[in-house]
Amino acid sequence: MAWSLRHPKHGWRLTSVEPRTRRAKGALSLWGRVRRLVWSWWPWAIVSIWNVAQESWVLALIAGVVALVTYLTLPAALPPRYGLDHEFGIESEEFLATIAGASGAPFASGNAIEVLNNGDAFYPRMLEAIAGAEASITIEAYIYWAGDVGLQFARALAERAAGGVRVKVLLDAIGSASIGAEIVETLETAGCQIAWYNPIHWYTLGRFNNRTHRKSLIVDGRVAFTGGAGIADHWRGNARGPDEWRDMQIRLEGPAVTPLQAGFAHNWQESTGELVSGAIYYPSIDPAGPLNVQTIMSSPESGGSSVRIMYYLSIVCARESIDIANPYFIPDAVAIETLIDAKKRGVDVRIMVSGIRNDNWIARQNSVRLFGRLLAAGIEIYEYNRTMLHHKTMVVDGVWVTIGTANFDNRSFAHNEESNVCVYDRRLGGRLQKIFRDDVAACQRVTRKAWARRGLWARTQEIGAWFLEEQA
């Protein structure tokens, strides 16, 4: 079936294939369909109602609770299955226009980016920016934990608040639950405002699975830091061992900071009812560098993940290479197929994940379980084993770069508030490719033979984790 569009004045005509006549990406296997049925709320609701009719009250209650849990954990955003055909490359004129339009995030010119590897690089720069704040500081964080680093940041923020700087700190109510009384008291005594994103109450159960996974520090509305790291002791150091996580932040200066501030303001208003406004948060920003930057603020509220769209389109448009570094790599069926298709058309696909130091058992088991098809297609997979690898980066064809907070998993794509910064720049792409190659030295490459020979206990754990895949 074809469709056409005729301009009423000029008479030009565009004809193409109607999307749904194409083969859908990511068809579910039989077992995948069974798992999806198990995680659907309505079969359990039927079972509950049937048991009520049979006056089996205990079974009715159990089935009702399961129905409620599965309903509340239902993904808020699903992956696209059509329109993921390779039609133009990363370096074509169409790519940037498409990525901006499809994600809803335009490019801003006049920006500078500084890549900061590990806590010994990014924490001093962040504290330096805080110390230099003149008007406002906003922080949105999934993790702000008790400890030396947390207290150091609290004292720095308190000092600026006492000096008249407006300080607002938005923390995820789950991720930052262990912040500790000392830090909170230090901040509040100095006049800093603290708010909690989506605290758990009976009347908020419908949204409990929506967390803010963003990590942003914004100073005077002009300079921002974002990336994989929160504020906690295990990010100190230079990834020399298990106690020093491997991570990356960027320092962003220029107009592309404004979307990060807007994302903070949206979640702050949702959490407190206060509108964040005025020049101290949204100043007029002069150009700070040569880069055109796209700042993507992804939220399940829209019903579709703009970060997922960016990832998938980038993979589809790759022609030479894809380097993905991500701790929790759990690609859905659509992502697996797009990666395999890229490899089939000659793209070098390399994936780096957190290995034996992974702090998330469910994510680790599901990631390993999914290696098989990727390895069979010739995709290279590396496990970083020196410490926990936690940064989230992708470089495509050496020229398209994304650095941010989003993991390559359903939780980031379908449940969390996320932010990613994207840049089309060969110099920055080359820098990130070199970092990727350097990290490979601390990795063990996964071979198809070794993966196939993993033991019964490992496979049993993977099956158990598989039922929780969409919550990883």
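For the chain, state the average projected area of the convex hull of the C-alpha atoms over all orientations, rounded to one decimal in nm². Show your work: numbers first, answer last.
On the way: hull surface 106.5 nm².
Result: a mean projected hull area of 26.6 nm².
Restricting to DSSP H runs of at least four residues, report the calculated mean residue ellipticity at 222 nm for the chain, -39500 (n - 2.57) per run over all residues, nearest 500 deg cm²/dmol. Kindly include the intermediate steps, with their values, before the conclusion.
On the way: 15 runs with 172 residues, N = 472.
When only DSSP H runs of four or more count, the value is -11000 deg cm²/dmol.
To make sure I understand, if each residue's beta carbon is the centre and we count other beta carbons within 10 Å, what order do Ser136, Ser284, Ser92 fall in, fewest to most? Don't jump to the answer; show the numbers that get you there.
On the way: Ser136 23, Ser284 8, Ser92 13.
Ranked by crowding around the Cβ, least crowded first: Ser284, Ser92, Ser136.
Would you please put 398-405, 457-464, 182-189 in order of how densely packed they are, using the mean number of other Cβ atoms within 10 angstrom per residue and starting with the highest?
On the way: 398-405: 24.1, 457-464: 13.0, 182-189: 16.5.
Descending mean neighbour count gives 398-405, 182-189, 457-464.
Applying the Karplus parametrisation 6.51 cos²θ - 1.76 cosθ + 1.60 with θ = phi - 60° to the phi angles of the stretch 88-96, what ³J(HN,Hα) value in whole Hz is obtained for each residue in order, glycine and proline being reported as x?
Coupling constants for the stretch 88-96: 8, x, 4, 8, 7, 5, 6, 4, 5 Hz.
Kirkwood hydrodynamic radius, the stretch 363-472, all distinct C-alpha pairs: what's the number in Å?
Values: mean 1/r = 0.0633 Å⁻¹.
It works out to 15.8 Å.
Using only Cα positions of the stretch 224-293, each an equal point scatterer, no hydration layer, compute I(q)/I(0) via Debye at q = 0.20, 0.25 Å⁻¹ and quote the log10 values to two decimals.
-0.92, -1.06
Evaluate E = 1/(1 + (r/R0)^6) for Ala97 and Asp348, where r is the Cβ-Cβ distance and R0 equals 22 Å; express this FRET efficiency to the nearest 0.05. Please list the in-between numbers first.
On the way: r = 26 Å, r/R0 = 1.18.
Efficiency computed from Cβ-Cβ geometry: 0.25.
Going by the alpha-carbon gyration tensor, a ≥ b ≥ c the square roots of its eigenvalues, is the stretch 121-272 rounded (a/c under 1.5) or, if a/c is not under 1.5, prolate (a/b greater than b/c) versus oblate? The partial results should precede the final answer.
On the way: a/c = 1.29, a/b = 1.12, b/c = 1.16.
The shape class here is rounded.
Based only on other Cβ atoms within 10 Å, what is the fewest-to-most ordering of Tyr144, Tyr311? Show your work: numbers first, answer last.
Values: Tyr144 29, Tyr311 25.
With the fewest neighbours first, Tyr144, Tyr311 line up as Tyr311, Tyr144.
Can you sort His201, His391, His234 so the residue with the fewest Cβ neighbours within 10 Å comes first? Show your work: numbers first, answer last.
On the way: His201 10, His391 26, His234 21.
Going from sparsest to densest Cβ surroundings: His201, His234, His391.
Can you work out the Karplus-derived ³J(HN,Hα) for every residue in the stretch 367-378? Use 6.51 cos²θ - 1.76 cosθ + 1.60 with θ = phi - 60°, whole Hz, and x for glycine or proline.
5, 4, 4, 8, 5, x, 5, 5, 5, 4, 7, x
Would you calculate the separation in nanometres between label points at Ala441 and Trp202, each defined as 7 Å from the Cα along the Cα-to-beta-carbon direction?
5.9 nm
So, in nm, how far is label Asp243 from label Ser277 when the simple model puts each one 7 Å beyond its Cα toward the Cβ?
About 5.0 nm, to one decimal.
So if I place +1 on the C-beta of Lys and Arg and -1 on the C-beta of Asp and Glu, and nothing else carries charge, what would the dipole magnitude of the chain be about its Cα centre? I want it in debye, nearest 20. Walk me through the intermediate numbers first.
Working: 49 positive and 47 negative charges, 387 e Å.
Around 1860 debye, computed over the chain.
Taking the stretch 278-406 as the region of interest, what is the percent of Cα-Cα pairs per 10 angstrom bin, listed from the shortest bin to the one with the maximum distance?
The distribution over the stretch 278-406 is 11, 37, 33, 12, 6, 0, given as percents.
Which residues' amide hydrogens lie under 5 Å from the amide hydrogen of Arg166, considering only partners 5 or more residues apart or on another chain, with H built in the peptide plane?
Excluding prolines and chain starts, which carry no amide H, the hits are Ser136, Ile137.
Here, each number is a calculation from the coordinates, and none is a lab measurement. Just so it is clear, the model here is predicted, and its values are computed rather than measured. All Cβ positions, even for glycine, are placed from backbone atoms using ideal geometry, and neighbour counts span all protein chains on display.
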